[in-house]
Amino acid sequence: MAGRWIEQWDPEDESFWEAKGERIARRNLVFSILSEHIGFSIWTLWSVMVLFMGPEYGIDPAGKFFLVAMATLVGAFIRVPYTFAVARFGGRNWTIVAASMLLLPTGAAFVVMEPGTSYTTFMLVAMLTGVGGGNFASSMTNINSFFPLRKKGWALGLNAGGGNIGVPVVQLVGLAVIGASGGPRMLLGIYIPFIAVSAICAALFMDNLAPVKNDTGASKEAVKDPHTWIMSFLYIGTFGSFIGYSFAFGLVLQTQFGRTPLQAASITFIGPLLGSLIRPVGGWLADRYGGARITLWNFLGMGLATAAVVAASVEESLTLFTTAFIALFVLTGVGNGSTYKMIPGIFHAKAVAKGMSGEEAAAYGRRLSGASMGLIGAVGALGGLGINLAFRQSFLTAGTGTSAFVAFLVFYAACFTVTWAVYLRRPAVAAQPVAEAKPQLSYAEV
């Protein structure tokens, strides 16, 4: 290993894994989680900043929803180049760059966050926080290469869950600042040194994997594979919901139920916290029972929770609304873990269907799943944009979020149907030879 580059890496070889692979993979996982955690905090920073923006800022609820939607938009699109950056520069090297770039939106917000600043300036600064959303894509692509298939659900769930926890953490820090009668600059000042620490730790303790460098062919194959786009659709339902609700929860409580900033902040962190903590469990359940099965029933649960939210919104019951919304957050976390476990499983199953076996099949699965994860993560994050725009329109036209939740309920029903039809429905034996049916049947285990 020279210059933090590892030339040979075969996690499917159990002797290699037990001798040194697991130790190296776990070390990289720890510091990947740290960087991604802070990235998520900065990406969702404006879900807290808007709570500081009282009447003196002159921005109505629709304008605030649009601010957080723009942060979501940039965070979604920037995930694509961040994914490719791992293969181009190395996982460790890009983590250093990605962590350091978080200083840009944090410093800019520190400068402009005061009454009298133009709405356009606020929007541009909010868009800068999108670089924090990109950290997820590069981190997941990188960690996917470190772990064997049998460990991916747990490892990817832990990596993503530790990153997702950045959402409730920034909301908790914001709650503490509001409770202490501090201003938004105090919140920003807390994060700047932690950003520097995460970049330094990446430089000191992480590694690059030479086998995944400059593998642009995998990206081209992933773009052409229909499963990349099917899983993107499902990830809109899970992660798009998680990040969209994370941005919007506090604003909905303020706008629809008249909560003060302190009252809203004291509740909003609970859903993202539980959704983040449960994500590794979703990955573990997928490892044990199959990601497609867990994902299917999870979408049913999300539909039921959303129906309860709709009922609470109509009845104006804050208790039922909050309880059902938090349950919905928990289910998004389970679904995030199970869908991301499906991705490497799907491509490994495709490799087996092509006649590959052993390390050849494992390497194919690692290449394609790593390349597709960034695209799936990007499209999934766009679901967060859709959620905030739906809330904005719903409050503009009806003064409540009820119609937006009804739309989300319909979408979850579509996700349930697609999961069953593509990954769990058994093809008719009479309609096609058994040899052709096997790859389809194997998807139930991914």
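Laid out as a table, the results:
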quantity: First in the range 335-359 and of a type in the set (Phe, Trp, Tyr) and in a helix (DSSP H, G or I), second anywhere and open to solvent by 10 Å² or more (accessible area, probe 1.4 Å) and at pLDDT 90 or above, Cβ under 9 Å, 6 or more apart; calculated: PHE347/ASP225; PHE347/HIS227
quantity: In the range 15-29, the residues that are free of Cβ contacts under 8 Å to residues at least 60 places away in the same chain and surrounded by fewer than 15 Cβ atoms within 10 Å (Cβ to Cβ); calculated: SER15, GLU18, ALA19, LYS20, ARG23, ARG26
quantity: Residues within the range 169-218 that are surrounded by fewer than 20 Cβ atoms within 10 Å (Cβ to Cβ), polar (S, T, N, Q) and touching a residue at least 12 places away in the same chain (Cβ under 8 Å), tallied; calculated: 2
quantity: Exclusive hit being touching a residue at least 60 places away in the same chain (Cβ under 8 Å) and surrounded by fewer than 24 Cβ atoms within 10 Å (Cβ to Cβ), set MET127, MET113; calculated: MET113
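The values are calculated or read from the model by the stated rules, or taken from the named source; none is laboratory data. As the structure is a computational prediction, the values presented were derived from the model and not from experiment. As a convention, Cβ positions derive from the backbone with ideal geometry for all residues, glycine included, and neighbour counts pool all protein chains shown. Only protein heavy atoms, including side chains, enter the accessible area calculation; ligands, DNA and RNA are left aside. Shrake-Rupley method; radii C 1.70, N 1.55, O 1.52, S 1.80 Å.
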